[in-house]
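The values are calculated or read from the model by the stated rules, or taken from the named source; none is laboratory data. Since the structure is predicted, the reported quantities are computational estimates derived from the model, not experimental observations. Note that each Cβ is placed from the backbone with ideal geometry, even for glycine, and that neighbours are counted across all protein chains shown.
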Amino acid sequence: GVAPDLGKAGKMSLPKVLVTNNDIPEAGLDLLKGKFELIINNQSNPTRQEIIDKIAGVDALFWCTHQRLDEEILDAAGSQLKVVATMSAGLNHIDIDALKRRNIPLAHTPTVLNKAVANVAVLLALAASRRLRESRIHIEEGLWSGFGVQYLLGTDIENSTVGIVGLGGIGQTIAKRLKAFEVARILYSGHRENPEGKQLGAEFVPLDTLLRESDFVIVSAPLTDETKNMFNDTTFAKMKPTAVFVNIARGPIVDQDALIRALKNGTIFAAGLDVMVPEPLPTNNELLKLPNCVLMPHLGSATYKTRTAMAELTAKNIILGYENKPLLTPAY
Ligand SMILES: O=CC(=O)O
């Protein structure tokens with residue numbers, strides 16, 4: 001419907017989209033080609049300055065970086081900017097109010113990554129409870145001296161109580177997977193009881209109850225002012241000494257020094273983390289020295305199919321937003 005814009009040279013000029021990095025799955029970019037001029041940053045991990053250098057005059061942003069998208073970035077882009085899409089479920093790096101003030105629609109990519117991320121939550125829960133890291137260290141260091149009835153025993157997920165902090169799309173998908181492990185109870189905490197929780201047979205409880213009663217505590221909540229440092233010395237102290245803590249959400253939800261103390265002192269049994277502070281984690285960080293801590297470098301959604309689906313969804317939202325149509329997955 002929109003008449004092509006004839007540029008100065010009389011050539012048809014396409015609207016421009018800035019793609020913040022150079023390693024976006026082709027299938028996503030293919031959807032934009034022909035409709036947009038693609039301005040692709042030549043880094044996979046751009047600095048703010050590299051983004052700002054290329055952003056002036058673009059009509060859309062394909063945002064795939066943890067760099068903060070704020071007033072400074074929006075000013076650098078200019079008032080013609082019409083739509084922003086972040087290739088992430090999380091929105092903590094985006095100043096949503098700044099976009100609202102400018103009436104710029106914002107898309108993100110929930111749902112398509114639920115299964116991949118939920119799988120990592122289960123992977124980390126099992127790996128931490130069955131002492132995967134410590135086990136490997138034993139083999140590597142020649143500490144494996146043969147069968148031992150009491151050797152490297154772990155905890156069971158069967159008949160356990162699992163507490164899910166934040167029962168959104170990812171949390172619900174985790175709960176579905178846990179049923180196959182025959183858990184006894186699923187508790188969840190969050191803003192409010194939700195109908196999906198009821199369908200899953202999960203019990204809505206205050207955070208304190210969840211901490212006291214859970215054998216596994218899994219964090220799948222967004223990072224907000226409310227969840228920042230939600231896990232600290234006080235909250236870890238309320239958990240069982242046999243508890244396994246899993247975070248697949250955002251590092252700053254946890255006071256990491258408090259977690260390190262809890263893991264060292266036996267306040268809790270083990271942890272499995274896909275997210276931490278900072279990312280990337282320095283190689284001399286204390287977390288890496290703990291045998292009861294399993295770590296992954298923020299790979300929750302990192303499967304071939306999921307990243308492709310995220311790129312395609314981001315591109316589709318950009319096209320819709322540019323055409324003033326409702327987004328498939330609006331962030332607000
Ligand atoms: O952390 C990953 C995401 O928010 O998609």
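Quick notes on this structure:
- Count of residues meeting criterion [within 16 Å of the ligand (Cβ to nearest atom) and either out of contact with any strand residue (DSSP E or B) (no Cβ under 9 Å at 6 or more places or on another chain) or free of Cβ contacts under 8 Å to residues at least 24 places away in the same chain (or both)] in the range 232-263: 1
- Residue among LEU29, LEU14 that is aliphatic (A, V, I, L, M) and within 24 Å of the chain's Cα centre (by Cα): LEU29
- Against the list (1) within 16 Å of the ligand (Cβ to nearest atom); (2) farther than 18 Å from ASN265 by Cα, the condition THR209 fails is (1).
- Residue match in the range 143-164 (condition: assigned to a loop (DSSP other than H, G, I, E, B), touching a strand residue (DSSP E or B) at 6+ places or on another chain (Cβ under 7 Å) and over 27 Å from LEU290 (Cα atoms)): no
- All positions within the range 288-320 that are more than 12 Å from the ligand (Cβ to nearest atom), surrounded by 22 or more Cβ atoms within 10 Å (Cβ to Cβ) and closer than 20 Å to ALA249 by Cβ: CYS293, VAL294
- The listed residue being surrounded by fewer than 19 Cβ atoms within 10 Å (Cβ to Cβ), at negative phi and of a type in the set (D, E, K, R), out of ASP97, ASP59: ASP97
- For the range 264-287, residues that are within 16 Å of the ligand (Cβ to nearest atom), out of contact with any Leu (no Cβ under 7 Å at 6 or more places or on another chain) and either of a type in the set (A, V, I, L, M) or within 18 Å of SER129 (Cβ to Cβ) (or both) total 2.
- Taken over the range 77-89, the residue count meeting the criterion of being surrounded by 17 or more Cβ atoms within 10 Å (Cβ to Cβ) and either more than 17 Å from ASN317 (Cα to Cα) or not hydroxyl-bearing (Ser, Thr, Tyr) (or both) is 8.
- Test for ASN92: is it within 16 Å of the ligand (Cβ to nearest atom) and either out of contact with any Gly (no Cβ under 7 Å at 6 or more places or on another chain) or in a helix (DSSP H, G or I) (or both): yes
- Checked against (1) over 30 Å from TYR304 (Cβ atoms); (2) modelled with pLDDT of 95 or more; (3) exposed (fewer than 12 other Cβ atoms within 10 Å of the Cβ), GLY10 passes all but condition (2).
For every residue, the table says whether it meets (1) out of contact with any helix residue (DSSP H, G or I) (no Cβ under 6 Å at 6 or more places or on another chain); (2) without any contact (Cβ under 8 Å) to a residue 40 or more places away in the chain; (3) over 14 Å from ASP215 (Cβ atoms); (4) surrounded by fewer than 17 Cβ atoms within 10 Å (Cβ to Cβ).
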position	(1), (2), (3), (4)
ALA118	no, no, yes, no
ALA127	yes, no, yes, no
ARG131	yes, no, yes, no
ILE137	yes, no, yes, yes
GLY166	yes, no, yes, no
